[in-house]
Amino acid sequence: MIVADRKPLKEILEMLDGCNRVLIVGCKGCVSVCNVGGSKEVGILASILKIAGKKNGLDIEVDEKTLERQCDPEYVDQIKDVVADYDVILSMACGVGPQFLSERYPENRCLPAVNTTFFGGAVQHGIWEERCAGCGTCGIHHFGGLCPIARCSKSLLNGPCGGSADGKCEISKDVDCIWDMIVKKAMEQGRLDDLLKFKPAKNWSTARDGGPRTSVREELVQ
Amino acid sequence: MSELKSGSNLEKVLKAGHFAFTGECGPPKGANVEHLKEKIEPLKGMVDAVNVTDNQTAVVRMSSWAASTIMCQEGVEPNFQMVCRDRNRLAIQADILGVYAMGIRNMLCLSGDHQRFGNHPESKNVYDIDSMQLIALVKKMRDEGKFLNGEEIDVPPRLFIGAAANPFSDPFEFRVYRLAKKIDAGADFIQTQCIYNMDRFKEFIKQAVDMGLYEKCYILAGVTPMKSVGMALYMAKQVPGMDVPESLIKRLRGAGKGKAGEEGIRFALEQIEEFKEMEGVAGVHLMAIEWEHKVPEIAERAGVLPRPTV
Ligand code: SF4
Ligand code: SF4
């Protein structure tokens, strides 16, 4: 899923400066699963904003709405009858949400309430870790099913670098060295030969480096 | 290793079978050419080539190619270092052509420390290619006369290709294989991380010898004399992939106040003596960090002077 963190309240309040009518829009997709932008979090942020408004003597009216998804025009449409009532639409979806809202409702100001961080999953309750960088050409079968592009701090394809120590990455003792895992797994499975093969320079044109990407599924296009 | 690949002094010294002795110099944090020349001066005639670091520890300094060029003008042969952190493949290839055009003949290919350590931790890291791919790229440019995309190069750069090896990082069992991979990719010579744990290094070099790697590539053992107990403690605790045995720290402490530096040099000299006799070791890479002026004394006491002229 796409993982995000809520922006600090101070930053959200600064963005909302001068706004009186705010619609907070949550999303039942990834951000719900990672407990940052579902209906529960929308409710919490609404209460916080109301309290903050009162404390600062501001006249802020805050409403809530959580959509099935914000990355789909069909659901984004569902607020079309109410958006005109608000100065601001504050999206709690990943970075995609506020953009779909901005494009659908060009008259409104649509702001992000979260920082979208990565594609990952929950490794335990309350802890999410990055797993994929969306490079557009998945090659993890060369690395025992582990991704060095997203998970090695230097995206090395012929690792590990000389900074790998005790299974940790040179950047921090809190970060696992994925290359340590890749090597150990290959050794355990008796597949070390795979890692001895030279991996040539990657073609990054399928990644963000090739410019913004579009995916067309002909059979679905009407 | 029949005909010369680059014609660099370092290549000739190694090829002639001499025990090589290389040094290191970090460019200044500024455009202070005088300061750079001061650091180069004591290295003259003491070493076969001098590594010129490239934004080492991710701290911005005068570019390694510019400092290498100044070094050439000073009559000292540089070993131009390049890290993959700061340039994409376009800039890398352009700089390779540029340094060759400026008379540089040795190049050390590195991944580079992550910028998190440095003085611009907010920067974007490039890592378009990694150190292994950089080695293969330089070899392709030199031996095939082609860019990475296969286009012909009008006057290919003829560089002596170096790479690093760290026998002390993990997983230890894989380190010799990674060395082999670098040699297969095109490394002509290897400079190792600073060695303090001699037992572990011996184990590593024995593996390299058993695999016949030393016959395909020259391996230079990395030596950095400890200047103080503080430096040893810092290296032991703060530098990932550095192995400083407790016994060395004890020995430096035991030397008494103000004498740890001399004890550090003595330890380095003992190491060099061992390396001279060690099968698989073709020379020493002396990284006297911010201690360039000590190099003549160390070279003299190590008995590696005069340097061969080939
Ligand atoms: S190789 Fe690319 S697509 Fe596959 S997991 Fe890594 S970043 Fe994602
Ligand atoms: S320590 Fe491991 S994860 Fe970190 S940069 Fe080096 S190889 Fe990559």
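Scan the stretch B:189-201 and tell me whether some residue there is of a type in the set (Ser, Thr, Tyr), closer than 19 Å to B:Asn51 by Cα and within 19 Å of the chain's Cα centre (by Cα).
yes
In the stretch A:169-185, which residue that is more than 7 Å from ligand 2 (Cβ to nearest atom) and at the interface with chain B (Cβ under 9 Å from one of its Cβ atoms) is surrounded by the most Cβ atoms within 10 Å (Cβ to Cβ)?
Looking at residues that are more than 7 Å from ligand 2 (Cβ to nearest atom) and at the interface with chain B (Cβ under 9 Å from one of its Cβ atoms), I get A:Val183.
Taking the stretch A:33-61, which residues are part of a helix (DSSP H, G or I), open to solvent by 10 Å² or more (accessible area, probe 1.4 Å) and free of Cβ contacts under 8 Å to residues at least 12 places away in the same chain?
If the condition is that a residue be part of a helix (DSSP H, G or I), open to solvent by 10 Å² or more (accessible area, probe 1.4 Å) and free of Cβ contacts under 8 Å to residues at least 12 places away in the same chain, then A:Lys40, A:Ile44, A:Ser47, A:Ile51, A:Lys54, A:Lys55 are the ones that fit.
Does B:Val138 fit the bill of being over 18 Å from B:Leu110 (Cα atoms) and away from chain A (no Cβ under 11 Å)?
no
If you go through the stretch B:299-309 one residue at a time, do you hit one that is in contact with a Pro (Cβ under 9 Å, 6 or more places away or on another chain) and surrounded by 21 or more Cβ atoms within 10 Å (Cβ to Cβ)?
No: zero hits.
Starting from residues that are part of a loop (DSSP other than H, G, I, E, B) and in contact (Cβ under 8 Å) with a residue 40 or more places away in the chain, keep the ones in the stretch B:187-215 and report whichever is farthest from B:Phe168 (Cα to Cα).
Restricting to residues being part of a loop (DSSP other than H, G, I, E, B) and in contact (Cβ under 8 Å) with a residue 40 or more places away in the chain, the top hit is B:Asp188.
Residue by residue, here is whether (1) closer than 23 Å to B:Lys276 by Cβ; (2) assigned to a helix (DSSP H, G or I); (3) modelled with pLDDT under 95 holds:
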position	(1), (2), (3)
B:Ser2	no, no, yes
B:Ser6	no, no, no
B:Leu10	yes, yes, no
B:Gly30	no, no, no
B:His35	no, yes, no
B:Asn51	yes, no, no
B:Ala67	no, yes, no
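Out of the residues in the stretch B:153-169 meeting the condition of being open to solvent by less than 30 Å² (accessible area, probe 1.4 Å) and of a type outside the set (A, V, I, L, M), tell me which one is farthest from the other protein chains (Cβ to nearest Cβ).
If we take residues in the stretch B:153-169 being open to solvent by less than 30 Å² (accessible area, probe 1.4 Å) and of a type outside the set (A, V, I, L, M), then B:Phe160 is farthest from the other protein chains (Cβ to nearest Cβ).
Kindly indicate the residue of the stretch B:170-182 that is surrounded by 24 or more Cβ atoms within 10 Å (Cβ to Cβ) and farther than 18 Å from A:Met181 by Cα and also farthest from the other protein chains (Cβ to nearest Cβ) among those meeting that condition.
Among them, the one singled out is B:Leu179.
Among the numbered conditions (1) out of contact with any Asp or Glu (no Cβ under 9 Å at 6 or more places or on another chain); (2) polar (S, T, N, Q); (3) surrounded by fewer than 16 Cβ atoms within 10 Å (Cβ to Cβ), tell me where A:Ser91 comes up short.
It fails just one condition, (3).
Please go through the stretch B:216-252 and pick out each residue that is part of a helix (DSSP H, G or I), out of contact with any Lys or Arg (no Cβ under 7 Å at 6 or more places or on another chain) and open to solvent by 30 Å² or more (accessible area, probe 1.4 Å).
Hits for the stretch B:216-252 are B:Gly230, B:Met231, B:Leu233, B:Tyr234, B:Ala236, B:Lys237, B:Gln238, B:Glu246, B:Ser247, B:Lys250, B:Arg251.
Write out, first by first residue and then by second, each pair whose Cβ atoms fall under 6 Å of each other, whose residues are 6+ apart or on separate chains, and whose first residue, in the stretch B:95-116, is free of Cβ contacts under 8 Å to residues at least 12 places away in the same chain while the second is of a type in the set (Asp, Glu).
none
Which condition breaks for A:Cys152 when tested against (1) in contact with a helix residue (DSSP H, G or I) (Cβ under 7 Å, 6 or more places away or on another chain); (2) open to solvent by less than 70 Å² (accessible area, probe 1.4 Å); (3) within 11 Å of chain B (Cβ to nearest Cβ); (4) farther than 25 Å from B:Cys194 by Cα?
Just one mismatch for A:Cys152, condition (4).
Of everything in the stretch A:144-164, what is hydrophobic (A, V, I, L, M, F, W, C) and in contact with an Asp or Glu (Cβ under 8 Å, 6 or more places away or on another chain)? Give them in sequence order.
Those that are hydrophobic (A, V, I, L, M, F, W, C) and in contact with an Asp or Glu (Cβ under 8 Å, 6 or more places away or on another chain): A:Ala150, A:Leu156, A:Leu157, A:Cys161.
Suppose we filter B:Phe204, B:Phe189 for residues that are away from ligand 1 (no atom under 16 Å from the Cβ) and in contact with a Pro (Cβ under 8 Å, 6 or more places away or on another chain); which single one remains?
That would be B:Phe204, the only listed residue that is away from ligand 1 (no atom under 16 Å from the Cβ) and in contact with a Pro (Cβ under 8 Å, 6 or more places away or on another chain).
Just checking, does the stretch A:115-134 include any residue being surrounded by 14 or more Cβ atoms within 10 Å (Cβ to Cβ) and closer than 20 Å to A:Ile44 by Cα?
yes
The values are calculated or read from the model by the stated rules, or taken from the named source; none is laboratory data. Bear in mind that the values here come from a model prediction, so they are computed numbers and not experimental data. Positions of Cβ are backbone-derived with ideal geometry, glycine not excepted, and every protein chain shown enters the neighbour counts. SASA here: full protein model, heavy atoms, side chains in, ligands and nucleic acids out. Shrake-Rupley method; radii C 1.70, N 1.55, O 1.52, S 1.80 Å.
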